[in-house]
Amino acid sequence: MPGDGNKVPAGEGCAKMEGMTRSATAATHAIREMRDFLFAHATDYDAARAGFVWPEVDEFNFALEWFDVVAGENPDRPAVQIVDADLSMRSWTYGELSRRSDQVASWLTGLGIRRGDHVIVMLGNTIELWETMLAITKIGAVSIPTSTLLSASDLEYRIAHGRARAVVTVGALADRLAGIDAGILRIGVGDGVPADWVRFDDATGAPTAFEPDAPTPATDTALLYFTSGTTNRPKLVQHTHVSYPIGHLSTMWWLGVQPDDVHLNISSPGWAKHAWSSFYAPFLAEATVFVYTYDRFDANTLMDVMETHHVSTFCAPPTVWRMLIQADLGRLDHPPRELVGAGEPLNPEVIDRVRDAWGGTIRDGFGQTEMTCCVGNSPGQPVKVGSMGRALPGYPVVLLDPATGEVTENEGEIALDLSTPPLGLMAGYYDDPEKTAESRAGGYHHTGDIATRDDEGYLTYIGRADDVFKASDYKISPFELESVLLEHDLVVEAAVVPSPDPTRLAVPKAYVCLRADAGAGDADTARSIFAHANERLSSHLWVRVIEFVPELPKTISGKIRRVELRAREAARVEAGDRAGQHWERDHR
């Protein structure tokens, strides 16, 4: 079976690498020099910022000129380890994965996949994902990583908009391709593969040697990633063979991952964060990508897995961190050295609880699908709770006044100065020159996110430009209010949006998800939450309306769709609806 880890006898791995080891190129040496510079200044922010420069390369292929080189030097080093829901563990070395991706690349070319072809990769956290991504890179084709949660219509949109030539997915999802153009090559992984599809298992019979048809130009497209689409149709981000593969040196430094670390990232394939922390950053560090696949999330079991398998660096989204603090953090005797949060900012209460239990501070950071990590609290530096940190090495971060577009010091839109463009920034939005030009207006890459900056350069997230609103002429940051609400013992999740008001223009309304044992929410619960928030917020920031909901609308990548909540609340107010689980502070 493909991807059956640890089946090569000891010593045989090294023998099989002979004659297949790729030689380190000038690009490999340039990347390693800067990578090792970051290692040498892992806790020295000022020196890392001052001395780091992006490697300049004309040709580069991450799979051939980095991963295979590492595999040749340390073939027995674990590359990927996967713990399944039954807690069994399988491991694949760099040498095994190098050879297997060569074989898959050879097989795919035999199926007609060529340099520049676009391939949808819709797989879960199974070893076939890493085999396929490396193989596509070796060919010089383009991966379009895609979530297995997509509906048939979402997948159809992505295949058409991404101009996909082939789809690699599990047999169980075959029905989602029923309405797709018959000319799209279908490759099925695992059980249930339809008879008219190509079976991924057949790759085991392909030649084990692979030679690329030509060097890979650095500016060629390597990846196409759809954004999460929190406000409208997802955009298609275009990354080159250097923007993510080399650009994630900044992410590696922020994560604090080192050679031989076991790095666990809680992230689903198909989204850019998975490429950040489960592919490029750990492989750049020559570390081990660790994966725990569970049927149902359980915080205590997760901690047991982390303890058993010596996880040393850990990255998780806010939802996971909030679940962890509801469990017994004390059961973890040897917590990871590095703790990182990503996806959306963490509220201070979570950071404090974890620090009290594990001794380490969760370090937040900021980036987008369009770029690698550009802002972060780096290892060894003072962490200001609530702050995303400072601009990372190689990133010219500025704040722009949203009204004038001028550079400002204290508050504004996070942007990148394109007079010195960072390597980790996208090439643009695929086949959309208008959106690309809009994102680069005025010589800056615009993120659409608002932050404040203190005298030491630390940035604090305010919110998406579309989410920040005014009430009684005061600017309201939903994140600031949500952070306070989440400190209430009964609140699991919260989202704040403007509720139209004839006097104040708008007032803050909170959609609140309660703990499972708290019931559906009643007047007493609402009073408790109002009182809790009032004690911690200035009066002009008080939440005026609360609605209890079983869950919040989210994108399939897990980000809250506040745009949907805003529309829902506007419609409710316009209809004069005062019924249901709405509790108003002025009339409670």
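Every read-out reported here was derived from the displayed coordinates using simple, explicitly stated rules and does not represent laboratory data. Only a predicted model underlies this, so the values are computations on that prediction, with no experimental measurement involved. With ideal geometry, Cβ positions are generated from the backbone for all residues, glycine too; neighbour counts draw on all protein chains shown.
Only counting other Cβ atoms within 10 Å, I'd like T204, T28, T43 sorted with the fewest neighbours first. Don't skip to the answer; put the middle values down first.
Working: T204 16, T28 20, T43 11.
Final ranking by Cβ density, sparse to dense: T43, T204, T28.
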Practice task
Return one number: the angle in degrees, 0 to 90 and rounded to the nearest 10, between the long axis of the Cα atoms of helix 299-308 and the longest principal axis of the Cα atoms of the chain.
Solution key: 40 degrees
Completion exercise
Nearest 10, in degrees from 0 to 90: the angle of helix 523-536 to the longest Cα principal axis of the chain is 80 degrees
Practice task
Please give the helix 152-161 orientation as an angle from the longest Cα principal axis of the chain, in degrees from 0 to 90, rounded to the nearest 10.
Solution key: 60 degrees
Handout entry: Most positive-pole-ward Cα, V549, S539, Y474, against dipole of the stretch 470-587 from beta carbon charges
Key = Y474
Handout entry: Under-5 Å amide H pairs with I113, H placed in peptide plane, nonlocal only
Key = none
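Going by how many other beta carbons lie within 10 Å of each one, how would you line up R562, R504, fewest first? Could you put the intermediate results ahead of the total?
Numbers: R562 22, R504 17.
Fewest-to-most Cβ neighbours within 10 Å comes out as R504, R562.
Let's see if you can work this out: charge +1 on each Lys and Arg Cβ, -1 on each Asp and Glu Cβ, no other charges. What is the dipole magnitude of the chain about its Cα centre, in debye to the nearest 20?
Working: 53 positive and 83 negative charges, 163 e Å.
So the magnitude is around 780 debye.
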Exercise for the section: Would you mind calculating the relative contact order of the chain from Cα pairs under 8 angstrom and at least 6 residues apart, reporting the percent as a whole number? Expected result: 11 percent
Handout entry: Phi-based couplings in Hz for the stretch 193-208 (Karplus 6.51, -1.76, 1.60; Gly and Pro marked x)
Key = 6, x, 4, 8, 9, 8, 8, 4, 4, 5, 4, 5, x, 7, x, 8
Handout entry: Unsatisfied cross-links (Cα-Cα over 19 Å) in the set K435/K559; K470/K509; K235/K435
Key = K435/K559
Problem - Amide proton proximity set for A287, modelled H, under 5 Å, gap of 5+ - result: D260
Handout entry: Spatial separation of Cα centroids for the stretch 270-339 and the stretch 398-449, in angstrom
Key = 32 Å
Handout entry: Overall form of the stretch 470-587 per C-alpha gyration tensor (a/c, 1.5; a/b vs b/c)
Key = rounded
Exercise for the section: Please name which of L490, T525, C513 has its Cα lying farthest along the dipole of the stretch 470-587 towards the positive end, using unit charges on Cβ (Lys, Arg +1; Asp, Glu -1) and the Cα centre as origin. Expected result: C513
Handout entry: Pair A575, D489: separation of 7 Å Cα→Cβ label points (nm)
Key = 3.6 nm
Exercise for the section: Using the number of other C-beta atoms within 10 angstrom as an exposure proxy, rank L339, L224, L329 with the fewest first. Expected result: L329, L339, L224
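Which shape class applies to the stretch 294-340: rounded if a/c is under 1.5, otherwise prolate when a/b exceeds b/c and oblate if not, where a ≥ b ≥ c are the square roots of the Cα gyration tensor eigenvalues? Working shown, then result.
Details: a/c = 1.41, a/b = 1.20, b/c = 1.18.
Because its axes are fairly even, with a/c under 1.5, the stretch 294-340 counts as rounded.
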Practice task
Would you work out which of P207, G558, L399 lies farthest towards the positive end of the dipole of the chain? Charges go on Cβ: Lys and Arg +1, Asp and Glu -1.
Solution key: G558
Handout entry: Cα shape, the stretch 157-244, gyration tensor, a/c 1.5 rule
Key = oblate
Exercise for the section: Return the sequence-ordered ³J(HN,Hα) values of the stretch 341-353 in whole Hz as given by the Karplus equation 6.51 cos²θ - 1.76 cosθ + 1.60 applied to θ = phi - 60°, using x for Gly and Pro. Expected result: x, 7, x, 9, x, 8, 7, x, 4, 5, 4, 5, 5
Practice task
In whole Hz, with x marking every Gly and Pro, tabulate ³J(HN,Hα) for the stretch 260-272 from phi via Karplus 6.51 cos²θ - 1.76 cosθ + 1.60, θ = phi - 60°.
Solution key: 6, 5, 9, 9, 9, 10, 8, 7, 8, x, x, 10, 4
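Give me the compactness ratio for the chain, meaning the Cα radius of gyration over 2.2 N^0.38 Å.
Values: Rg = 24.2 Å, N = 588, 2.2 N^0.38 = 24.8 Å.
With N residues counted in the chain, Rg over 2.2 N^0.38 Å equals 0.98.
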Fill in the blank from the handout: Computed over the stretch 367-497, the relative contact order (Cα-Cα under 8 Å, seq sep at least six) in percent reads 19 percent
Exercise for the section: Could you list which residues have their amide H under 5 Å from that of A222, counting only those 5 or more apart in sequence or on another chain, with H placed in the peptide plane? Expected result: H239, T240, H241
Problem - Sequence-distant aspartates and glutamates (8 or more away, or on other chains) whose Cα lies within less than 13 Å of K554 - result: E344, E493, E564
